[in-house]
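Undergrad: This structure is in structure tokens; I'll ask about it shortly.
The values are calculated or read from the model by the stated rules, or taken from the named source; none is laboratory data. Fair warning: this is a prediction, and the values are worked out from it, not measured in the lab. In this analysis, Cβ positions are derived from the backbone assuming ideal geometry, glycine residues included, and neighbour counts consider all displayed protein chains. Note: areas computed on protein heavy atoms with side chains; ligands, DNA, RNA excluded. Shrake-Rupley method; radii C 1.70, N 1.55, O 1.52, S 1.80 Å.
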Amino acid sequence: MDPHLVIIGGGVAGLSAGIYARMNGFTTTIVEMHDIPGGQCTAWVRHGYHFDHCLHWLVGTHEGTFHTIWKELGALEPDTRIVDHAVHTRVLAPDGTEFLVYTDIDRWEAYLLEIAPEDEKAIRRMIQDMRGTHTLEQFEDAPGMRSIVDYIKALYHSGGALYTLGKHMHKSCRAYFDELGFTSPRLRLYFDNLYGDLHFSAGAFLMMLTWMSKKNAGYPIGGSLPFAMRLTKRYKELGGELLLKQRVRSIRVEHGRAVGVELVDDRFLPADHVIGAADAHSILHGMLQGRYLTPRMREAFATWETFTPLVHVCFGIDREVPVQHATTTVLAARERVGRTTLRTGFNVLNYGFDPTLAPLGKTTIIIRFDSPWAIWKDLDGEDYQEEKRVILETMTRHLITLYPEVEGHIEVTDVATPRTDVRYTGVWQGAYEGFLPGPDNLNSQLEMRIPGLDGFTLIGQWITPGGGLPPAAQSGRWAIQLLCKDLRREFITTLAPAWVKAEAG
């Protein structure tokens, strides 16, 4: 009989593992706590307005290893429309001046030189560093599956990028900006506010715009929910079993081997192999009771910074709101929004460019801001509802200031908090993308296979600092590669049927 895999978590990592497992003949059961699959890659609908929780840009929309993965998973289809915005972010300062972050780094270089010619040397060096990451390619094969030839090819194709990243990935953004020596008060204001006070690796900063400049990090029209549903469709068409509204209480281990999972309703699902694709903290500290933590895992959860949780304030506007820039960052450092003191400000996302997210002639707009988990972890009942009310009132005023034409046209509102995220996904402390890619961990990764625990593989965005959908999906692919190696099987991949048809035609 084919080995039976039980996969904990029906997010992108779990669905990816399930799809690749079915391609390779494994019997699979995905257990998902929510009533829909997708995990963090989700959205919700209120009176025809879609409020997206996740997708703003996606690495791999055009080419490369991640693009191949999306084609194999069916997450992107040949007719999926991709929007490549000219401006990544428009930043508004308290004095009303604006700063634009262009997605094309050549255009951004010209813009920066225009507004701060005194910093020509620093600007040209920063842009040159960005261009230096242009050749970076991702490994297709899992760690432990790569030959010396794979590493030689990577060095040949990505040598320049590896050199650039090696120079800067262990620096914080603030250290990098200080090293460049920007003198323009305007540039220092924007760089320091956007990245300077985060424990964020300069290497991650340099790579971000390179992907966009190559038009390989666009936005798929429809956003998160259709993306997740395409994965689900692919998994089900391959014959995978999906159990929704089922929560795993523990992973049963016998004689050092995972043999299945116990659900909260006391049912036991036996397995030849268990794949942990849910929140890693919940799996390692909860379902495995902290018994199999490696030194690196202990260090990561004790010392690595995580993404600060987000509050989403959602608005359905019963008129069209013109989209000059899809994302606007309003600098409002130290302003109070309810119990939260804003770190730098808030983001306003105008989805008027995506006609699928609102009824005809109407617009979806979402305001997001960081809000530490400590504020929310014990907030409940009337205090919780009052906090949401104050947040909505404050952000409604900000929305009208930015878009005066929406006054009197706000038809639907909703506030999703870090507690909302934890309730539906189980993510630890609301850290929606896991570990922050800092100068101390950018090149690190948590172990997928744990010494002393056979029959188990850990996947998902927590194993790679920076998180996100591409590493999550890639980890699902890697898990099945490793299983095929264990069983001395050839690892097989196929494109989703729509891509087979399109490429054949």
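Undergrad: Sorting Cys484, Cys54 by accessible area (1.4 Å probe), largest first, what list results?
TA: Details: Cys484 0, Cys54 35 Å².
The most accessible residue leads, giving Cys54, Cys484.
Undergrad: For segment 83-124, rounded, prolate or oblate, judged on the Cα gyration tensor with a ≥ b ≥ c (square roots of eigenvalues), a/c < 1.5 rounded, else prolate if a/b > b/c? Write out the running numbers ahead of the final one.
TA: On the way: a/c = 3.14, a/b = 1.11, b/c = 2.84.
Oblate shape, in that a/c is at least 1.5 and b/c is the bigger or equal ratio.
Undergrad: Are there GluC sites (Glu not before Pro) in segment 333-420 that DSSP marks as loop and that have at most 14 other Cβ atoms within 10 Å, and which are they?
TA: On the way: sites: Glu335, Glu382, Glu386, Glu387, Glu393, Glu405, Glu407, Glu411; in loops: Glu335, Glu407.
Of the GluC sites (Glu not before Pro), the ones in loops of segment 333-420 whose Cβ has at most 14 other Cβ atoms within 10 Å are Glu407.
Undergrad: Same structure again: With a 1.4 Å probe and all protein chains kept in place, how much accessible area does Trp57 have, in Å² rounded to the nearest 10?
TA: 90
Undergrad: Something else about it: Leaving out ligands, DNA and RNA, what percent of the accessible area of the chain is carbon and sulfur, probe 1.4 Å?
TA: Working: 10890 of 21360 Å².
That fraction is 51 percent.
Undergrad: Roll a 1.4 Å probe over the protein heavy atoms and report the accessible area of Arg230 in Å², nearest 10.
TA: 40
Undergrad: Sequence-distant or interchain residues sharing an amide H contact under 5 Å with Ala43, placed H: which?
TA: His53, Leu225
Undergrad: Also: In degrees, nearest 10, range 0 to 90: what is the angle between the Cα axis of helix 64-73 and the longest Cα principal axis of the chain?
TA: 60
Undergrad: Okay, moving on. Using only Cα atoms and rounding to the nearest 10 degrees, what angle (0 to 90) does helix 12-23 make with the longest principal axis of the chain?
TA: It works out to around 40 degrees.
Undergrad: With a probe of 1.4 Å, find how much accessible area the chain has per residue, and write the answer as a whole number in Å². Intermediate results must be reported in sequence, preceding the final value.
TA: Details: 21360 Å² over 505 residues.
Solvent-accessible surface per residue comes out at 42 Å².
Undergrad: Note down the accessible area of Glu120, probe 1.4 Å, to the nearest 10 Å².
TA: Approximately 80 Å² for this residue.
Undergrad: In addition: What do you reckon, how do Trp211, Trp499 stack up by accessible area (1.4 Å probe), largest on top? The partial results should precede the final answer.
TA: Values: Trp211 60, Trp499 35 Å².
Ranking Trp211, Trp499 by accessible area, largest first, yields Trp211, Trp499.
Undergrad: Let me ask something else. Ranking request for peptides 261-272, 350-361: highest mean number of other beta-carbon atoms within 10 Å first, then the rest in descending order. Show your work: numbers first, answer last.
TA: On the way: 261-272: 14.6, 350-361: 16.9.
Ranking, from highest mean packing down: 350-361, 261-272.
Undergrad: Per residue, how much space in cubic angstrom lies within the convex hull of the C-alpha atoms of segment 1-131? Write down the numbers at each step before the final one.
TA: Working: hull volume 25.2 nm³, N = 131.
Spelled out: Cα convex hull of segment 1-131, divided by residues, is 192 Å³.
Undergrad: Show Asp141, Asp421, Asp440 ordered by accessible area, largest first, where the area counts protein heavy atoms only and the probe is 1.4 Å.
TA: Ranked from most to least accessible, the order is Asp440, Asp141, Asp421.
Undergrad: Here is a follow-up. By the gyration tensor of its Cα atoms, with a ≥ b ≥ c the square roots of the eigenvalues, what is the shape of segment 343-456: rounded for a/c under 1.5, prolate for a/b over b/c, or oblate? Show your work: numbers first, answer last.
TA: Working: a/c = 2.30, a/b = 1.82, b/c = 1.26.
The shape class here is prolate.
Undergrad: Identify the residues of segment 332-371 with backbone N under 11 Å of a label point that sits 7 angstrom from the Cα of Arg46 along the Cα-to-Cβ direction, or state none.
TA: 365-367
Undergrad: Can you give the FRET efficiency to the nearest 0.05 for Asp265 and Val323, using r as the Cβ-Cβ distance and R₀ = 51 Å? Display every interim value, and only then the final one.
TA: Details: r = 47 Å, r/R0 = 0.92.
Efficiency at R0 = 51 Å is approximately 0.65.
Undergrad: Report the antiparallel proportion of the DSSP beta bridges in the chain as a percent, rounded to a multiple of 5. Provide the component values of the computation, followed by the final result.
TA: Numbers: 47 of 67 bridges.
Restricted to the chain, the bridges split so that about 70 percent are antiparallel.
Undergrad: Then there is this: If all Cα-Cα distances of segment 219-296 are sorted into 5 Å bins from 0 onward, what percent lands in each bin, rounded to whole numbers?
TA: Per 5 Å bin, starting at zero, the Cα-Cα P(r) for segment 219-296 comes out as 3, 12, 18, 20, 16, 14, 10, 6, 1, 0 percent.
Undergrad: So what J values fall out for segment 421-433 if you push phi through Karplus, 6.51 cos²θ - 1.76 cosθ + 1.60 with θ = phi - 60°, rounded to Hz, Gly and Pro as x?
TA: These are the phi-based 3J(HN,Hα) values: 4, 5, 4, 8, 10, x, 5, 5, 6, x, 7, 4, 10 Hz.
Undergrad: Straight distance only, please: which aspartates and glutamates reach the Cα of Lys171 with their own Cα at less than 17 Å, same-chain residues fewer than 8 apart left out?
TA: Asp129, Glu179, Asp192, Asp197, Glu305, Asp440
Undergrad: Could I ask something else about it? Across the chain, how large is the tail of the calculated P(r) beyond 30 Å, expressed as a percent of all Cα pairs? Let's see the in-between values first.
TA: On the way: 62325 of 127260 pairs.
The calculated P(r) of the chain puts 49 percent of pairs beyond 30 Å.
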